[in-house]
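No value in this document is a laboratory result; all are computed from the given coordinates. Because the structure is predicted, anything quoted here is derived from the model rather than measured. Methodologically, a virtual Cβ is constructed for each residue, glycine included, from the backbone with ideal geometry; neighbour enumeration extends over all protein chains shown.
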Amino acid sequence: MSSGLQCWDSSGRLIVDLGDYFIRYVGTQSITCGSGATSWSFSYSGMTTSGWIVTIVSTAYWQDYAVKCYDGGFRVFYLPTAHGFSDTLSVEIYRYE
């Protein structure tokens, strides 16, 4: 039986393949991204640059954000050039081995 995670872009190219990894749900966190900035950092104990995935699961504008993990937390990026409003996002955190 297959397990893991695979994601494709709009052209059908495989961009994420975690099919050989065990993925574990860690939890959900609500975060607030204030107005006037295009990136925000959030601390998360034990998180590292590899072995972790953070996904945005609720906001009306989820497609405007990207998330990148770093040692000790994660950073949320607003992809358009200006962020004129405050937004509260719900993110799910996963760890894979």
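Paramagnetic label reach from Val16 (point 7 Å along Cα→Cβ; backbone nitrogen cut-off under 12 Å): within the range 61-97, residues 66-69, 92-96. Compared with the alpha-carbon gap, the fully stretched path from Asp9 to Thr49 is longer by 12.2 nm at 0.36 nm per residue.
Taking amide hydrogens as placed 1.01 Å from N in the peptide plane, the amide H of Gly73 sits under 5 Å from those of Tyr44, Met47, each at least 5 positions away in sequence or on another chain. No solvent, one uniform scatterer per C-alpha: report log10 I(q)/I(0) for the chain via the Debye equation at q = 0.10, 0.21 1/Å, two decimals. Calculated log10 I(q)/I(0) at the listed q: -0.30, -1.15. Between Ser41 and Thr88, the contour length at 0.36 nm per residue exceeds the alpha carbon distance by 15.5 nm. Net charge near Phe77, counting Lys/Arg +1 and Asp/Glu -1 over other residues with Cβ under 10 Å of its Cβ? With Lys, Arg at +1 and Asp, Glu at -1, the neighbours total +1.
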